[in-house]
Each structure stands twice: as C-alpha cells, then as structure tokens.
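Below is one structure; the comments refer to it alone.
The values are calculated or read from the model by the stated rules, or taken from the named source; none is laboratory data. Note that the structure is predicted; figures quoted are calculated from it, not measured. Don't worry about glycine lacking a Cβ; one is built from the backbone with ideal geometry, like all the others, and counts go over all protein chains shown.
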Amino acid sequence: MAQFLHQTIMPCLPQTDPKAESRAQMVARDREIYQLTYDYHDIPLPKEIPAKENFSPEYQLCKTLIEAQLVQNNFQSDLQAWETSPNGGFLNLIRDTKSTLRHKILNKIWGSPRDVQIFPYNCRPPLSITDYKNILQSITPPIAVQYWQEDWYFAWQRLTGVNPHLLSLVSPSNEKLFEQFPITNEQFQQAIGNSADNLETAKAENRLFVTNFHLLDKIPTGISDEWRKYLSAPIGLFYSDPTRARQLLPIGIQCGQKPSRDNPIFTPASDRYAWLMAKTAFQVADSHYQGIISHGAYCHIIMGVVAICTYRSLAANHPIRILLHPHFQFTIPIAVATRQIVLSPGGTTPTLQSVTLQGALTLTQRALQTFNWNEQAIPQSLERHGITPEILPEYPYRDDVLLLWEAIHYFVRRYVHLYYTTDADVVGDREVQNWLRELGDRDGGNIHGIGKNGQVKTIKELITLVSQIIHRATAHHAAVNYSVFPAMGFAPNMPGASFAPFPSSEDNQIQYSLNDLLQMLPTRKLAIGQLEDVFVVSNVIMNHIGKYGCNYFSDRRVRPLVEDFQSELDQIEFKINTQNKTRCLPYEILLPSRIPASIHI
C-alpha cells in the first residue's frame, strides 16, 4: 500500500472548512473524473478507470507470479496425463488439443461459427475421479479432495463455503416452504435414519434449515467445448442432529423450484448416485450464486458504485473519504473487469459456468434489483436468517464475521466521533447528504435500502453506514472470494457447470451409476480453466485490513485508534485459531491476517 503511506491534507467537515470555494472546485473536478454509466444493459459500472485508480505494477507482478505457479502445475498435469492415463486423461488431452486447433483454424478461415454443433451429453467419454485429482500436481489439493462425497462435508460447506451467509432457519410457521418442497415425515425419518424423531418436532424445535436458489430459476444455459450445459434452481433442506451435538446434515434436495414427478426430492436414503448427482446440482447452483451474485454483483458492482459515489460526493479532505480511501484500492478497475470476465462474450463466466452471456446478464440484473443494502449487511443479515448460537452452535462464518464486525464498528465509532459532535453536524454536512442521495438515486448508484430511508441524519446512522462499507470491502468479500479454491479447486466437489441433466427419478425407475455422475462434470480443458480461475482469485492479496500505513492519517488523534484496531484484530486472530482447534475442520478464511483491506480481485 505504498500510495497510502501518508496524507498531507488535514481532514475537516465542509461546514468548518475555511477554504469552501477551493473545496467546492475540488469536488467538481472529481465529479468529472469519477463517473458511472448504465449504458451496458442498465448495469451500473464505472464509465472509465481514472489513471490513479488503475492496477499498479506490483499488482500485475503479483498476478503474474501466481499464474506462473499454474503454468508449472499444468505442465506437470499434462505430462502425467500423457504418461499414465492412456485411456482417460491422455485421450482427453489429445481431444482437447485437436478441438482447440480446429476451432482456431476454422475461425481464422470462416470467422465465428453461426451454427454450433451440439452432441448428446452421453457421447462424451467422461473423465475419472482420478483424472480430476491428477489435474492438481504442484498445487496443494484442497481438502475437498478427501471429503467431497461425504454428507457432513456437504453441509459443512453451507457454514464455511462460498456462500456461507445463505443458510436460513425454517420457522415453524413457514408453510409456504413445505408447499414448494413437500417432504414427507417418512422421507425425513429415512433420511436421518431415526424413526424416533419426526419432521414436525424438528420444525418446532428450530432444527430445520434451508438454502433456496430461486434467483437461478429459468436462467438461460449455453454450450462450452461443444457440449451443452445445465443449471437448476435447487432447494436444499438441512437438519441439526440433536444426537450429534446439533451437527448440520443434509435432509433433502429438490433440483427445481416446482415439485413434480420429474422433480422429486432426493435424500441420503435415495439411490447413492442419484443423491450424489442431486448434491452436484446443488453445488453447481452454489457456484453460480457465488460467481455472479455474491461476488460479481454484490461485491464488485455494488462496491464499485460505492467507491465512485464517494469520490464524486466527498472532498479529498473529508474525514469519511480519508477513512474509506484505502478500502477502495483497485476496486474501480476490478468493477470494470467484472464486465470483461462475467458479462462479456467469451468471458470466464459464460465459458466455465452453465449460463450464456444473456443468462449472466439476466442473473446480474435480478440480483441488483433485489439487493437491499441494510438487509444484506451484518448483523441484520444474520438476524434475518435466524441462526443463533443456541439454535446451531457450530457456525464458523457467523461467529468469526461477528467478531470482525464488532471490531470494525468500534473503530469507526471512535473515528467518526473525532469529527462529529452532535447529530446536527451530520445533517449540516452537505457532502455526506449529497453522498447519500448519489448512492440511492436512480441516476446515481441506485442502491436500495441504504442509510435510514435513504438518508443519514444521526451520528449513529453514519457510523453504521461507514462500518457496513468497510465490512463489505473486507470481511464479507473475503468470505465469498477466498473460499473458492477450497471449494472449486477440485472440480467434482463444486463444478462451475453441469454437462448432463440432473436426476429426475427417485423411485428406482432409473438406475443411476457412477458414469451418470461423471457425465455431469466438466471436460479436462474446462476443469483446468476452473482451477486457473479460482487459484488466482484465491491468492491475490495486495493489502490487509487494519494496515493503513504508519503515517497515512495526518490527524494524529487517529493513530492510537488504528493501533487499538490492529490490536483487536490480533486478538481475533488468536480467538479464531483457538476455535479452529475444536471445529469440525479449521475455518481460516476470516483470519484477519488473510483479509484484504479492499476488493481487488
């Protein structure tokens, strides 16, 4: 963070600035430099990247070094496939190479094809599980390689995975869920292997939980590597087992939103491979929600908007802008990169995941239309989902993220009180009031639910908003971003796309096999592409929460606050490491030493 070594400007509020005219000119200049555009499918993105906000040479070097590790791994993987898998990886390697060369030659001669030949999914010789393991050579395999088929590990990923904030308590009065997901008591008892417990009791005792990917319903899917891809909008029901210290376990998965004969509920008591295929369908949906919604829309796009609106509204010497500036490092260029990666033809998302470009755009638009800033923020989000420590004792994401929220909120509260004495100071701060309008206006950020009814009129409300921004830039982004390699680095655990239909019969009319499961998994070329994507994303860290630089704040009153914040983060690190010794598996994603200060990947 070399550019944050010091601030020469002393902070002050606009109503106390003796150089009001100069300050107004400074804001006007920044409004010319920092602009949003809705030109691309009505999605708010930075119009351009200001030169001083662009990726630094250090950033580019960091990415290059990480990519070099992948080059070494992929060379060893190709060599291993050549030598040891003549009937599996070798043939796929040759097939992938021939396909790539063929497409390059034809595109050179004829341009991009208008009619793409689509082969039936069962014509593709699938890879074996060993083939997928062998893709990881010099890169240390994620722990998912060991446990990906286990039900407890599948449930564990709801508590520590790529979307650890989605699990919700099923309230006893939630009859609508069971109309949509009509599991019977017999299915429930078979799933848990215990006839002494029953569905109504579990519901009444707050032992049922759900994750519902309804936003994915009817999203268009495409073709990659000449094979059709599939995506569902599954519902997963989970259960807290009182005989196992309330450990979370899966009860059932319905691969689509509407129950029917062709969309049954699969349980752990179903045919083994039908159940594994249903879990794979759920994992594919989880990867889409993470990549396009949690990460792409709710981190990159939303925080790109927040950064632009902050720079457009608050003068460079405003104390809130000074505090937030390090938390926006590289956020504007990464928001622009979202269009290239997620929302452009041939981008990583339409290639590696099931969606077409239009599907990615539609899902992004749905996500932004339903996003509510306060509802998505900590601690309101956890309260809304209803999973307290009494209901589910072991929930690492919840426990760790609350520690971080409390530390951030306390630091921000002390900082804000240095500059605002009364609520009238907030109301009289025209830059903050313009900031809130800019964030919420349809022609500005268009962020729903920000502030209190779109306004900030008290010191408490301002503290909450600034804390929410820092939290989303740090802990929240870390939770959904740096978990992708542990989850998706081994493709069978969480494929980015499915290449075969999901199971559609639960009554043994269809006998599913290992081959049916393997048909769902990506080709070798796409599995390597998935590894490359998640390995880079999980390893680029250019700054750290709480590390502002020894002389960044010119106001000397701030420095002891920063020292206290860093001390609190050290204590949180110790607490999490201590808790990890007794957890089912260590959860290290939210260790403060691993959390960046900004969204930059």
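All of 473, 487 fail the test of being of a type in the set (Gly, Ala, Ser), within 30 Å of residue 272 (Cβ to Cβ), modelled with pLDDT of 95 or more and not in a loop (DSSP other than H, G, I, E, B), apart from 487. Residues of the stretch 151-180 that are touching a strand residue (DSSP E or B) at 6+ places or on another chain (Cβ under 8 Å), in contact (Cβ under 8 Å) with a residue 60 or more places away in the chain and surrounded by fewer than 20 Cβ atoms within 10 Å (Cβ to Cβ): 151, 152, 168, 169, 180. If only one of 330, 282 is buried (at least 24 other Cβ atoms within 10 Å of the Cβ) and out of contact with any helix residue (DSSP H, G or I) (no Cβ under 6 Å at 6 or more places or on another chain), which one is it? Answer to the selection: 282. Would you check if there is a residue in the stretch 33-50 being in a helix (DSSP H, G or I) and modelled with pLDDT of 95 or more? The answer is yes, given that some residue of the stretch 33-50 is in a helix (DSSP H, G or I) and modelled with pLDDT of 95 or more.
The set of residues in the stretch 206-238 being assigned to a helix (DSSP H, G or I) and among the aliphatic types (A, V, I, L, M) consists of 215, 216. Taking the stated definitions as given, is residue 492 within 23 Å of the chain's Cα centre (by Cα) and either within 30 Å of residue 580 (Cα to Cα) or assigned to a loop (DSSP other than H, G, I, E, B) (or both)? Yes, satisfied.
Within the stretch 322-340, can one find any residue that is among the charged types (D, E, K, R) and at pLDDT below 95? Checking the stretch 322-340: at least one residue is among the charged types (D, E, K, R) and at pLDDT below 95. For beta carbons closer than 7 Å, sequence separation of 6+ or different chains, a first residue in the stretch 371-383 that is surrounded by fewer than 18 Cβ atoms within 10 Å (Cβ to Cβ) and a second that is in a helix (DSSP H, G or I) and of a type in the set (A, V, I, L, M, F, W, C), the qualifying pairs are 379/402; 379/405. If you check residue 298 against the conditions, is it at pLDDT 95 or above, more than 21 Å from the chain's Cα centre (by Cα) and farther than 19 Å from residue 177 by Cβ? Criteria not met by residue 298. Looking across the stretch 365-380, the residues that are closer than 24 Å to residue 287 by Cβ, modelled with pLDDT of 95 or more, out of contact with any Ser or Thr (no Cβ under 9 Å at 6 or more places or on another chain) and in a helix (DSSP H, G or I) come down to 365, 366, 368, 369, 370. Examine the stretch 416-424 for a residue that is among the acidic types (Asp, Glu) and touching a Cys at 6+ places or on another chain (Cβ under 8 Å), and state whether such a residue exists. No; the residues of the stretch 416-424 include none that is among the acidic types (Asp, Glu) and touching a Cys at 6+ places or on another chain (Cβ under 8 Å).
Among the candidates 293, 308, 301, 265, the residue that is closer than 15 Å to residue 235 by Cβ and of a type in the set (Val, Ile, Thr) is uniquely 265.
Within the stretch 224-258, if we keep just the residues that are surrounded by fewer than 17 Cβ atoms within 10 Å (Cβ to Cβ) and under 29 Å from residue 362 (Cβ atoms), the residue that is modelled with the lowest pLDDT turns out to be 226.
Each row is one residue, and each column tells you yes or no for (1) of a type in the set (Val, Ile, Thr); (2) buried (at least 24 other Cβ atoms within 10 Å of the Cβ).
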site	(1), (2)
479	no, yes
485	no, no
511	no, no
528	yes, no
533	no, no
537	yes, no
542	no, no
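Residue selection: residue 396 fails the criterion of being surrounded by fewer than 18 Cβ atoms within 10 Å (Cβ to Cβ) and of a type outside the set (S, T, N, Q).
Of all residues in the stretch 551-584, those satisfying the criterion of being touching a residue at least 40 places away in the same chain (Cβ under 8 Å), farther than 30 Å from residue 244 by Cα and not in a helix (DSSP H, G or I) are 551, 552, 553, 554, 555, 557.
Residues in the stretch 547-577 that are under 21 Å from residue 401 (Cβ atoms) and small (Gly, Ala, Ser): 567 only. Is it the case, given these coordinates, that residue 188 is buried (at least 23 other Cβ atoms within 10 Å of the Cβ) and over 25 Å from residue 534 (Cβ atoms)? Spelling it out, residue 188 is indeed buried (at least 23 other Cβ atoms within 10 Å of the Cβ) and over 25 Å from residue 534 (Cβ atoms).
Could you please let me know if residue 403 is without any contact (Cβ under 8 Å) to a residue 60 or more places away in the chain, assigned to a helix (DSSP H, G or I), under 25 Å from the mean Cα position of the chain (by Cα) and closer than 28 Å to residue 591 by Cα?
no
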